[in-house]
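Asks: Before I ask anything, let me first share the structure, which is written out below as structure tokens.
Coordinate-derived values only; no laboratory data. Owing to the predicted nature of the structure, the values given are computational and were not obtained by experimental measurement. Because the Cβ atoms are built from the backbone with ideal geometry, glycine has one as well, and the counts that use them run over all protein chains shown.
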Amino acid sequence: MARASSTSLFRVGIAGGGIGGVALALALQRLGIRSVLFERDASFDERTQGYGLTIQQGKTTLRALGACVVERVREASPPSTAHFIFDARGAPVMFWGWGEQSPSASLLQSASTPASAWDANRNCHVARQTLRRILLDQLDARLVDVRWDAAVEGAAMHGDHSALAPLAVTARAASTGATAEHRVACLVGADGIFSSVRKLLRLLHDDELRYAGVFVMLGICERAPFPLLHRRVVQCSDGDARMFIMPHDATHVMWQLSFPMPRADAEALARAGRADAKALIAEAVRRCGAFCTPVPAILQRTPRALVTGYPVLDRDAMGATPLSAATSAALGGRVTLLGDAAFAMTPFKGQGANRALADAVSLADALATRGATSRGGGRGSGTSGGRNSADDPVCRALRLHEDAMCARSAVKVRGSRAAVEQTHCADFIDVDAALRRRGMHDPAVPVNRERRERIERMRAANIGMHSEAAELDRAAFS
Ligand SMILES: Cc1cc2nc3c(=O)[nH]c(=O)nc-3n(C[C@H](O)[C@H](O)[C@H](O)COP(=O)(O)OP(=O)(O)OC[C@H]3O[C@@H](n4cnc5c(N)ncnc54)[C@H](O)[C@@H]3O)c2cc1C
């Protein structure tokens with residue numbers, strides 16, 4: 001991999017200091033490429049951003065961001081050893097555990113192993129702000145200029161591709177109203193679902209955000225009163241509302257309650273919830289206050305300040321062609337997108353942050369391997385004076401990134417949209433349907449037959465969400 005000189009004048013502008021933007025700054029730094037990171041918020045803690053992420057394929061990407069990142073995520077990641085789905089009365093619908101993956105280590109044994117959640121075959125949980133903090137802590141001020149209170153508002157091309165930093169990015173400080181101009185070689189919109197950079201592109205693609213038909217509510221509460229939630233992911237549904245609960249950090253769990261709702265009602269509820277989270281809790285109690293224990297108690301014990309809720313939005317998956325047509329035509333082709341700014345998806349497959357991390361690492365690699373950073377950002381390369389964007393190595397690297405990103409993400413957008421229906425319907429709590437979803441429907445396979453028989457035995461013996469955690473594990477896994 002080409003490593004650019006840290007004294008090079010090549011500098012990437014990044015709009016947005018969320019997971020994707022900070023990961024990009026770090027990935028570029030590791031390749032010796034400088035960047036300026038614009039974040040609209042005045043500081044790291046300006047807004048409550050408290051929800052948890054499940055890192056799946058993103059674990060591979062984290063490795064590319066350095067051993068220190070992996071180590072700190074490993075330390076911060078609360079372990080989970082099993083996943084249960086119950087119906088609203090608490091009867092088991094499906095379960096799986098990572099102890100089963102190794103015939104020599106039962107789940108019950110694994111529950112007493114040290115609290116490491118880092119295993120190649122398993123997802124890990126990490127609070128979004130924790131991951132963001134870990135990534136930010138790795139940034140070196142000599143290579144990354146982090147600008148808080150700097151909302152990117154616009155950009156304009158000054159000169160042609162032969163200039164060192166042909167793009168002038170305008171950022172506004174909300175605290176003073178003052179704007180400042182920053183010269184960069186290219187601009188990456190990592191500014192989330194309502195991306196300002198995306199708006200600069202005037203995409204021909206149908207660019208409307210689409211209401212996915214469900215409202216999602218999030219809360220964080222202490223884990224100690226709920227032994228069931230120690231090391232376990234739990235879902236509970238009545239076939240309409242779905243409560244998903246997972247480890248958040250060493251002492252807390254995060255819950256996500258989602259349910260179908262007409263758009264106007266969802267928007268009204270979000271407005272009421274912003275004014276006072278009491279409105280959200282009241283709706284949650286209305287939807288699942290009668291669910292099996294411990295769901296009602298979890299709602300009761302969640303501090304109001306840690307509850308948020310909003311309508312779920314996504315966008316149609318976009319192909320590389322319409323995206324590249326728009327990015328090539330705008331700002332001399334020196335602009336691109338990543339993460340939610342490029343692909344907004346529903347959270348029901350837990351893919352958004354995993355995708356944003358992958359986009360960040362592959363974009364940094366494309367810039368480094370295409371020689372984009374050499375001689376100050378394509379200066380003098382390609383056609384005479386470097387005036388043709390098709391021959392400009394920076395533009396070529398950005399288009400390469402877009403091809404790879406679209407190939408990766410379009411399928412995840414569609415899968416995440418399909419998951420809305422799959423997780424909010426009667427089939428979600430049907431044992432046969434649940435076995436099918438896990439690929440365990442064929443009774444000729446002994447492990448499938450055994451799983452069904454266990455679920456049926458547990459249901460007949462009234463072992464479920466209300467049971468002692470140890471009894472539940474014994475019935476499921478021993
Ligand atoms: C409840 C919930 C659960 C989720 N669970 C998972 C999960 O388990 N796994 C997973 O992979 N994903 C999950 N996601 C999705 C994931 O959080 C997002 O997809 C991911 O954070 C996207 O990262 P991003 O950097 O693209 O955008 P964001 O994280 O939204 O960051 C955008 C940043 O840009 C800043 N900004 C906005 N406009 C400007 C501007 N004009 N100038 C400068 N800065 C600007 C914002 O302040 C923000 O800091 C979940 C999402 C939600 C809501």
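Asks: FRET efficiency for residue 390 and residue 181, Cβ-Cβ distance as r, R0 = 35 Å, nearest 0.05? Could you put the intermediate results ahead of the total?
Replies: Details: r = 27 Å, r/R0 = 0.79.
Efficiency at R0 = 35 Å is approximately 0.80.
Asks: Only Lys, Arg, Asp and Glu count, each charged at its Cβ (+1, +1, -1, -1), so figure out the dipole size of the chain about its Cα centre, rounded to 20 debye.
Replies: Details: 59 positive and 48 negative charges, 125 e Å.
Dipole about the Cα centre, nearest 20: 600 debye.
Asks: When a/c is below 1.5 the answer is rounded, else prolate if a/b is larger than b/c, else oblate, so apply that to the chain with a ≥ b ≥ c taken from the square roots of the Cα gyration tensor eigenvalues.
Replies: Working: a/c = 2.13, a/b = 1.86, b/c = 1.15.
Prolate, since a/c reaches 1.5 and a/b exceeds b/c.
Asks: Find which of 246, 363, 289 sits farthest along the positive direction of the dipole of the chain, computed with +1 on the beta-carbon of Lys and Arg, -1 on that of Asp and Glu, about the Cα centre.
Replies: My answer, from the dipole projection, is 363.
Asks: If you don't mind, there's one more thing I want to ask. Along the charge dipole of the stretch 212-312, which of 298, 266, 213 sits closest to the positive end, that is, farthest toward it, with unit charges on the beta carbon of Lys, Arg, Asp and Glu (+1, +1, -1, -1)?
Replies: So the residue furthest toward the plus end is 298.
Asks: Let me ask another. Please report the antiparallel percentage of the DSSP beta bridges confined to the chain, to the nearest 5. Let's see the in-between values first.
Replies: Details: 47 of 69 bridges.
So the antiparallel bridges in the chain amount to around 70 percent.
Asks: Based on Cβ point charges of +1 for Lys and Arg and -1 for Asp and Glu, what charge dipole magnitude is obtained for the stretch 212-312 about its Cα centre, in debye rounded to the nearest 20?
Replies: Numbers: 12 positive and 8 negative charges, 29 e Å.
The dipole magnitude comes to about 140 debye.
Asks: Given 194, 463, 277, which one lies farthest toward the positive end of the charge dipole of the chain, if we put +1 on the Cβ of every Lys and Arg and -1 on the Cβ of every Asp and Glu?
Replies: Farthest along the dipole direction, towards plus: 194.
Asks: Another question about this same structure. Just to verify a number: FRET efficiency for residue 42 and residue 414, C-beta to C-beta distance, R0 = 30 Å, to 0.05?
Replies: Working: r = 37 Å, r/R0 = 1.23.
The pair residue 42/residue 414 has a calculated efficiency of 0.25.
Asks: Further question on the same structure: What FRET efficiency, computed as 1/(1 + (r/R0)^6) with R0 = 35 Å and r the Cβ-Cβ distance, is obtained for residue 436 and residue 462, rounded to the nearest 0.05?
Replies: Values: r = 25 Å, r/R0 = 0.72.
Efficiency, from the Cβ-Cβ distance: 0.90.
Asks: Run down the lysines and flag those whose C-alpha is under 25 Å from the C-alpha of residue 199, throwing out any fewer than 8 positions away in its chain.
Replies: Here the lysines satisfying the reach criterion relative to residue 199 are 412.
Asks: Would you mind pulling out the separation of the Cα centroids of the stretch 41-77 and the stretch 217-241, in Å?
Replies: Each part reduced to its Cα centre gives a spacing of 22 Å.
Asks: Another question, if that's okay. Residue 353: net charge of surrounding residues, Cβ under 13 Å, Lys/Arg +1, Asp/Glu -1, itself excluded? Don't skip to the answer; put the middle values down first.
Replies: Working: positive: 59, 128, 132, 349, 355, 412; negative: 340, 359.
Neighbour charge sum, excluding residue 353 itself: +4.
Asks: When only Cα pairs under 8 Å and 6 or more residues apart are kept, what is the percent relative contact order across the stretch 212-312?
Replies: Here the relative contact order equals 38 percent.
Asks: Could I ask something else about it? Show me 406-417, 226-237 ranked by packing, highest mean number of other Cβ atoms within 10 Å first.
Replies: On the way: 406-417: 18.4, 226-237: 21.2.
Highest to lowest by the protection proxy: 226-237, 406-417.
Asks: Only Cα pairs under 8 Å and at least 6 apart count here; give the relative contact order of the chain as a rounded whole percent.
Replies: Details: 1017 pairs, mean separation 103.8, N = 478.
Dividing the mean separation by the residue count of the chain yields 22 percent.
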